[in-house]
Amino acid sequence: MTIHYSKAHFLLSVANLTQLPPDNGIEIAFVGRSNAGKSSVLNRLTQQKHLARVSTTPGRTQLINYFVIDETRRLVDLPGYGYAKVPPKIKQDWTKLLDQYFQTRQSLKGLIVVMDIRHPLREGDQQILNWCHQCNLPVHILLNKADKLSNGEIKQTLQTVKNALGAYANPISCQSFSAAKGKGVEELHKTLDAWYTAN
Ligand code: GDP
């Protein structure tokens, strides 16, 4: 069956886990360091210019944004991390929120982690990957902004990241991507389609 990502539309924003929509169907979440291009990736995937807001105010309490694709499928835009001047309280809130979400959400079937291909696997990224490893959640990494590197550099970075992923036991894959140029969308579709159609 064909999944129409372009049909995605905003459902709701929530500030804590008690407000999440019913835990049925399949949801796939997107996460990444601030400025890695998560919003741009979501907009590219759904072919909508303003689905996810590009650049939010750094440091404020952030929300989980839900988008509906169809009756049984949702996209989830998780709060970004790695802002330079975030108060410790907000960092703690973020850690607690995501940790609990990953551990408890039954309908969460996969996580897309967006990284800047020029700075992959940074501190917050590693923390996310460790949580996913612990709860055996499948992960697909998008090394975004590939348009900033040469083909040779892309290949080299992909290899380095793939080597590092050997340390994780959960299903984990990675690809290069460019939200700006629309490169890598088909490969992303393949991963999402498989997660969204698995029993
Ligand atoms: P977010 O904070 O992770 O949601 O990142 P945004 O989507 O707001 O993007 C951060 C900045 O990176 C913006 O200026 C985007 O235009 C830019 N950007 C996002 N994706 C790409 C990409 O694939 N290539 C390039 N060159 N810039 C990108």
To the nearest 20 debye, the chain has a Cα-centred charge dipole, built from +1 on Lys and Arg Cβ and -1 on Asp and Glu Cβ, of 560
Relative contact order as a percentage, the chain, C-alpha pairs under 8 Å and 6+ apart, gives 23
With a 31 Å threshold on alpha-carbon distance, the violating pairs from 7/85; 96/148; 145/190; 85/155 are 7/85; 96/148; 85/155
Within segment 104-199, DSSP-loop trypsin sites (Lys or Arg not before Pro) with at most 16 other C-beta atoms within 10 Å are 118, 122, 181
Both in Å, the radius of gyration and Dmax of the C-alpha trace of the chain are 15.7, 46
Once both label points are put 7 Å beyond Cα along the C-beta direction, the residue 2-residue 84 separation in nm becomes 4.6
Whole-percent carbon and sulfur contribution to the accessible surface of segment 62-199 (1.4 Å, no ligands, DNA or RNA) stands at 48
Quick calc, residue 50 & residue 170: beta-carbon distance into FRET formula, R0 45 Å, rounding 0.05, result 0.85
Averaged per residue, the 1.4 Å probe accessible area of segment 40-188, protein heavy atoms only, in Å², is roughly 52
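The values are calculated or read from the model by the stated rules, or taken from the named source; none is laboratory data. None of these values were measured; they are calculated from a predicted model. For neighbour counting, all protein chains shown are included, and Cβ atoms are generated from backbone atoms with ideal geometry for every residue, glycine included. Surface accessibility is based on the protein's heavy atoms, side chains included, excluding ligands, DNA and RNA. Shrake-Rupley method; radii C 1.70, N 1.55, O 1.52, S 1.80 Å.
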